[in-house]
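The values are calculated or read from the model by the stated rules, or taken from the named source; none is laboratory data. Since this is a predicted model, take the numbers as computed values, not measurements. Note that each Cβ is placed from the backbone with ideal geometry, even for glycine, and that neighbours are counted across all protein chains shown. These area figures cover heavy atoms from the full protein model, side chains too; ligands, DNA and RNA do not enter into them. Shrake-Rupley method; radii C 1.70, N 1.55, O 1.52, S 1.80 Å.
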Amino acid sequence: MRHCWLVVLLFAGACGDNLKGACETDADCGDGACADVTCSDGICAESNLVPAGQMAVTQTAGDCKALVCDGHGNATAQVDDTDLPTAVGACTTARCTDGVPSTPPAEAGTACGTGLECDDVGQCVGCLEPLQCPGSNTACQTKTCVNETCGVENTATGTKTTTQTTGDCQDVECDGSGNTMSVENDNDNPADAACTTGGCSAGVPTHDPKLSGTACGTGHVCNDTGVCGECNLADDCPATGSECSAATCADNTCGVHDLDSGTPTPTQIPGDCMQTQCDGSGATMPAEDDTDVPVDGNSCTSDVCTGGVPSNPALADGTVCADSGDSGNRCRAVACVPAVSLVLAGDGVTALSASSAALQLEERYTSDLALVPETGNPLALTCTQAGAAPMGLVQEGYMSRSVDERYVVFACYDTAAGTANVQGTASATVNRLVARVDSTLTAETSTRFTTAFDTNGIRSAATTDGNAIWAAGAGAANTGGTWSTTFGTTDGGTQVETAPNQNRCVEIAGGQLYGDSGSGNAGFQNVFTIGTGLPATSGQPATPLPGMPTTGAANPQSYAFVGSTLYVADDRTSVLGGGVQKWTFDGSSWSLITTFGGLVAGAHALAAYQDGANVVVVVVSAGNSLNEVDTYVDDGTTTPLPIATVLAGVDTGYHGVALAPH
């Protein structure tokens, strides 16, 4: 029996702490690293000793030692630096140094898991610096490593990125969440091209065409779509030198085109009844053109072409013509000359009296002051006028031409010749009429008054255009004065002016309505305005023209304005101051310049017109029968004498005169 306790005393731990002499079980005898140890009869026994130099069966892993048996059942610890200890975590290193185990930290940056690295104290962390973090920096996001934890930092909203596309009208900016966004920049204009100008519109690049015709190279121009070529329009191309060929521009390229056969050339001879045309091959040819009439500027000739031959045949005397001014209105001897319309009362058989007399309208030329009648005159009228006044000269029949010069109008009665005391008849029984005659001698008498001028005379009428009509005459306060109506009205019209109520001649001049009255109307023995403008409502005042007399023996009948001159017919004899009075206006007042005398009796009706530097005044003298029509030529410097031209026949008398319509 071996006495191990002695060995234990000499070699501490050589047999292990459980190698004891006394035991109860095998376990009490130790691990048996170099021999089998059993408990037999309460005493530990060894068997199967491991040969010397062999490794003991039992080893302590990771203690940097190796137990080697000595052949006697004992184990000796030897240095074994390959017996590495177990590392603590992913960031420590197992190490043996001369038999001493240790676990120092792994090298900083050593991977210790997906996206993780070791730090310098052996801890597994996210990062040590941003470059160690996964992913890449972007234009709007930068990697970070804060407290060994990977993260990102987003660039501030609105920060422009370093990468931009020039001329796209956009800025690439950061949105604050690490992403980029596109923002409109209308200053980021695209570059100009040869024929376009780069611009931006709400973030969209535009390329507006430059002005058509802008030079874009030698002999080239821009067109209106921004294309550079030889031409934009045919006018950009060289002239062809022929009226029958034309430069063309197709696809920005110049060319030449022969005009179609029959195309008129630009150069023509006006009024030759011919037309120069193209023949389709670039040359010209003549062709008849009966629309190319020879215009001679004479409204009393026809401008005609007959088979390519020009001519200007004369129009028939009396043809309505249109000359400048108020004068020319009838053709005579191939000239547009002035003419007047005259109303003649009586039939040449029955003596003129207060009874109604037949009427006829004459048109006479005044160009040679002879008042030669026109062909086709006179025109018999269907209405009548009093042949003479019961107590003197007849005060009716005054005529006027419409403002638009298309008509003459005058007043008359709707009764046959021979009606006794026609002025004293009731208007309801014998309607008072306004006669309208046009340039074709067509008379209309549909306009009538049924209450105005009751038992008294209707004396005159005036119109602007043949439709708006004013009439004047005598009557009571509610029937005399001035009335307004329209053409064709048969219910009486509107009394626009009542004081005075014994009116004679109503006229329109310069857009103003005028009237006059005689010695029976105190304060109104003159010419006066009626309201303002052309009134058609009641209650209009009569205002004498400033400077004209309001009292005295003046007895005005008819009158006519020629510019700032007023000619007034006064039916008193020359001895008593009658004749044609000439008044002028200085801007504030009217002044009597002179009175044209020389008439056998006074003046009853007149018409006047400008004829060059002169004014021609045609006057119907006072008198009921065998009266005459005279002419004055006012040269503005002398007082003219009358030229007797037309004498009324027996039992006839002229009542009114007006410039003829056209």
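Given the conditions (1) among the hydroxyl-bearing types (Ser, Thr, Tyr); (2) under 28 Å from GLU405 (Cα atoms); (3) touching a Phe, Trp or Tyr at 6+ places or on another chain (Cβ under 8 Å), report the number of the one that THR537 does not fulfil.
(3)
Considering GLY73, GLY62, which residue is free of Cβ contacts under 8 Å to residues at least 60 places away in the same chain and surrounded by fewer than 16 Cβ atoms within 10 Å (Cβ to Cβ)?
GLY62
Out of (1) at pLDDT 85 or above; (2) in contact with a strand residue (DSSP E or B) (Cβ under 8 Å, 6 or more places away or on another chain); (3) outside any strand (DSSP E or B); (4) over 29 Å from VAL125 (Cα atoms), the odd one out for PRO85 is which?
Of everything listed in (1) at pLDDT 85 or above; (2) in contact with a strand residue (DSSP E or B) (Cβ under 8 Å, 6 or more places away or on another chain); (3) outside any strand (DSSP E or B); (4) over 29 Å from VAL125 (Cα atoms), PRO85 misses just condition (4).
Considering only the range 486-499, how many residues are open to solvent by less than 10 Å² (accessible area, probe 1.4 Å) and not aliphatic (A, V, I, L, M)?
Residues in the range 486-499 being open to solvent by less than 10 Å² (accessible area, probe 1.4 Å) and not aliphatic (A, V, I, L, M): 2 in total.
Please count how many residues of the range 88-123 are in a strand (DSSP E or B), open to solvent by 50 Å² or more (accessible area, probe 1.4 Å) and within 30 Å of LYS65 (Cβ to Cβ).
Looking only at that region, the number is 5.
Mind checking which residues of the range 309-357 are open to solvent by 50 Å² or more (accessible area, probe 1.4 Å) and in a strand (DSSP E or B)?
Residues satisfying the conditions are VAL309, PRO310, ALA314, VAL320.
For the range 502-521, give me each residue that is open to solvent by less than 20 Å² (accessible area, probe 1.4 Å) and part of a strand (DSSP E or B).
Scanning the range 502-521 gives ASN503, LEU513, GLY515, ASP516, SER517.
Considering each residue of the range 379-395, count those that are at pLDDT 90 or above and either among the basic types (Lys, Arg) or assigned to a loop (DSSP other than H, G, I, E, B) (or both), and give that number.
Counting residues in the range 379-395 that are at pLDDT 90 or above and either among the basic types (Lys, Arg) or assigned to a loop (DSSP other than H, G, I, E, B) (or both) gives 1.
Every residue, every condition in (1) among the acidic types (Asp, Glu); (2) open to solvent by 70 Å² or more (accessible area, probe 1.4 Å); (3) closer than 27 Å to LEU233 by Cβ; (4) touching an Asp or Glu at 6+ places or on another chain (Cβ under 8 Å), yes or no:
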position: ASN252; (1), (2), (3), (4): no, no, yes, yes
position: VAL256; (1), (2), (3), (4): no, yes, yes, no
position: PRO270; (1), (2), (3), (4): no, yes, no, yes
position: MET274; (1), (2), (3), (4): no, no, no, yes
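If the requirement is being loosely packed, with under 15 Cβ neighbours inside 10 Å, free of Cβ contacts under 8 Å to residues at least 60 places away in the same chain and acidic (Asp, Glu), which of these qualifies: ASP235, ASP279?
ASP235
Inspect the range 562-573 for any residue being closer than 16 Å to ARG504 by Cα, part of a loop (DSSP other than H, G, I, E, B) and charged (D, E, K, R) and give the result as yes or no.
Scanning the range 562-573, I find at least one residue that is closer than 16 Å to ARG504 by Cα, part of a loop (DSSP other than H, G, I, E, B) and charged (D, E, K, R), so the answer is yes.
Does the range 265-281 contain any residue that is out of contact with any Ser or Thr (no Cβ under 7 Å at 6 or more places or on another chain) and over 30 Å from VAL295 (Cβ atoms)?
Among the residues of the range 265-281, at least one is out of contact with any Ser or Thr (no Cβ under 7 Å at 6 or more places or on another chain) and over 30 Å from VAL295 (Cβ atoms), which makes the answer yes.
Assuming ILE269 fulfils every condition listed in (1) in contact (Cβ under 8 Å) with a residue 24 or more places away in the chain; (2) part of a loop (DSSP other than H, G, I, E, B) apart from one, which condition is it?
Checking ILE269 against (1) in contact (Cβ under 8 Å) with a residue 24 or more places away in the chain; (2) part of a loop (DSSP other than H, G, I, E, B), the one that fails is (1).
Using beta carbons and a limit of 6 Å, which pairs, at least six apart or on different chains, have the first residue in the range 633-657 and within 21 Å of TYR559 (Cα to Cα) and assigned to a loop (DSSP other than H, G, I, E, B) and the second one open to solvent by 30 Å² or more (accessible area, probe 1.4 Å) and among the hydrophobic types (A, V, I, L, M, F, W, C)?
Listed pairs, sorted by first residue: PRO640/VAL633.
Restricting attention to the range 455-478, which residues are more than 42 Å from the chain's Cα centre (by Cα) and either in a strand (DSSP E or B) or surrounded by fewer than 22 Cβ atoms within 10 Å (Cβ to Cβ) (or both)?
The answer is THR455, ASN456, ILE458, ARG459, SER460, ALA461, ALA471, ALA472, GLY473, ALA476, ALA477, ASN478.
From THR157, THR144, THR163, which residue is open to solvent by less than 60 Å² (accessible area, probe 1.4 Å) and either at negative phi or part of a strand (DSSP E or B) (or both)?
Just a single option satisfies the conditions, and that option is THR144.
Of the conditions (1) under 22 Å from THR645 (Cα atoms); (2) open to solvent by less than 40 Å² (accessible area, probe 1.4 Å), LEU626 clears all except one; give me its number.
Of (1) under 22 Å from THR645 (Cα atoms); (2) open to solvent by less than 40 Å² (accessible area, probe 1.4 Å), only one is false for LEU626: (2).
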